[in-house]
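The next block holds one structure in the form of structure tokens; read it before the comments.
The values are calculated or read from the model by the stated rules, or taken from the named source; none is laboratory data. Just so it is clear, the model here is predicted, and its values are computed rather than measured. As a convention, Cβ positions derive from the backbone with ideal geometry for all residues, glycine included, and neighbour counts pool all protein chains shown.
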Amino acid sequence: MVEAVETMDGWYSLHDFRSIDWSYWKQATPEVQKEAIASFEELVTKWDAVEEAKNGSHAMYKIVGQKADLMFMFLRPTMEELNELETELNKSKFAEFLIPAHSYVSVVELSKYRPAKDGIDPETLPETQARLKPILPKWEHACFYPMNRRREGDENWYTLEKNVRGKLLYEHSKTGRKYAGKVKQIITGSIGLDDWEWGVTLFAHEPLQFKKIVYEMRFDEVSSRYGEFGEFFVGNLLKKEDIAPFLEI
Ligand code: VOV
């Protein structure tokens with residue numbers, strides 16, 4: 001029987017996409033708009049404190065195109081905390097002007113394809129823990145998309161031996177490493193949690209690097225034969241201090 005790979009799982013993740021009801025927003029009085037902006041900023045202050053205490057992380061991006069206006073990526077130790085966060089956002093004054101656009105639930109994942117070095121379980125290493133519970137980079141651009149590994153005829157990831165899968169992922173990582181400093185990836189696993197098998201969140205200083213890396217990876221066997229992709233979302237960083245100017249009419 002083909003052996004599954006053991007995964008190391010870290011913080012739970014929620015990608016929460018919202019559209020802004022701009023017509024409704026434009027009709028709101030300046031006082032109401034002020035109150036809504038303040039409620040949003042207060043939430044961000046709370047999220048910043050959680051991140052400061054290393055109990056989670058978050059990032060906010062303004063999505064380009066009509067799939068959504070905002071993407072929030074939240075990381076928390078438990079699923080309950082993600083739920084609380086989402087509910088608190090929904091109860092805020094600002095949420096009166098938001099329309100849910102999309103969401104994705106997953107958990108930060110690393111896999112143990114490589115044999116343990118010197119018999120040390122990689123999960124116990126501080127550098128692994130830092131990758132499983134990452135503080136999200138507030139790089140200028142982010143790109144999110146879900147993906148599956150194919151399970152069709154001769155292209156069935158789940159009938160490949162573990163060492164073969166490990167080798168293909170090693171080749172994949174060699175392409176990825178060429179983008180060091182240009183693209184940072186957070187892979188979240190969502191088998192049993194959401195509609196696709198993995199969420200791919202990429203951060204870059206330069207949006208063209210998303211196209212370059214995704215294109216180059218399309219030629220890696222692990223993507224060309226075994227990759228299936230969902231909807232892409234791409235956006236620009238929204239900093240707390242830019243919330244008011246962004247919403248100003
Ligand atoms: C930005 C660079 C980059 C780098 C360095 C990198 C490296 C690595 C390593 C070393 C490993 C394996 C061990 C682990 O850590 O799990 C992975 C694993 C994975 N990757 Fe990756 N990946 C990158 C980037 C990167 C991208 C851009 C994509 C999307 C692929 C595409 O075609 O659009 C991706 C996908 C994945 C997935 C879905 C997995 C899990 C697959 C599984 O079956 O388990 N990844 N990845």
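Just one of the numbered conditions (1) more than 16 Å from the ligand (Cβ to nearest atom); (2) more than 19 Å from the chain's Cα centre (by Cα); (3) assigned to a loop (DSSP other than H, G, I, E, B) is not true of R114; which one?
(1)
Determine, yes or no, whether E80 is modelled with pLDDT of 95 or more and surrounded by fewer than 14 Cβ atoms within 10 Å (Cβ to Cβ).
yes
Do the conditions hold for V44, that is, is it in contact with a helix residue (DSSP H, G or I) (Cβ under 7 Å, 6 or more places away or on another chain), at negative phi, of a type in the set (V, I, T) and in a strand (DSSP E or B)?
no
Name every residue in region 1-24 that is of a type in the set (A, V, I, L, M, F, W, C) and surrounded by 14 or more Cβ atoms within 10 Å (Cβ to Cβ), in order of residue number.
Scanning region 1-24 gives M8, W11, L14, F17, I20.
Among the residues of region 81-106, count how many are assigned to a helix (DSSP H, G or I) and touching a strand residue (DSSP E or B) at 6+ places or on another chain (Cβ under 9 Å).
Of the residues in that region, 10 qualify.
Test of understanding: among S92, S39, S57, which residue is of a type in the set (S, T, N, Q), under 15 Å from the mean Cα position of the chain (by Cα) and either more than 16 Å from the ligand (Cβ to nearest atom) or at pLDDT 95 or above (or both)?
None of the other options fit; the residue is S57.
Let me spell it out: the conditions are (1) away from the ligand (no atom under 14 Å from the Cβ); (2) in a helix (DSSP H, G or I); (3) crowded, with 16+ Cβ neighbours inside 10 Å, and D242 meets all of them except one. Which number is the exception?
Unmet for D242, out of (1) away from the ligand (no atom under 14 Å from the Cβ); (2) in a helix (DSSP H, G or I); (3) crowded, with 16+ Cβ neighbours inside 10 Å: (3).
Would you mention how many residues in region 1-36 are assigned to a loop (DSSP other than H, G, I, E, B), among the small types (G, A, S) and over 30 Å from E197 (Cα atoms)?
Count: 1.
Residue check: is S39 free of Cβ contacts under 8 Å to residues at least 24 places away in the same chain, part of a helix (DSSP H, G or I) and of a type in the set (S, T, Y)?
Against the criterion (free of Cβ contacts under 8 Å to residues at least 24 places away in the same chain, part of a helix (DSSP H, G or I) and of a type in the set (S, T, Y)), S39 does not qualify.
Pairs under 7 Å by beta carbon, first residue under 21 Å from K54 (Cα atoms) in region 5-30, partner charged (D, E, K, R) and in a loop (DSSP other than H, G, I, E, B), six or more apart or different chains?
M8/K112; G10/K133; W11/K133
Counting only residues that are of a type in the set (D, E, K, R) and in a strand (DSSP E or B), which one in region 47-80 is nearest to G192 (Cα to Cα)?
R76
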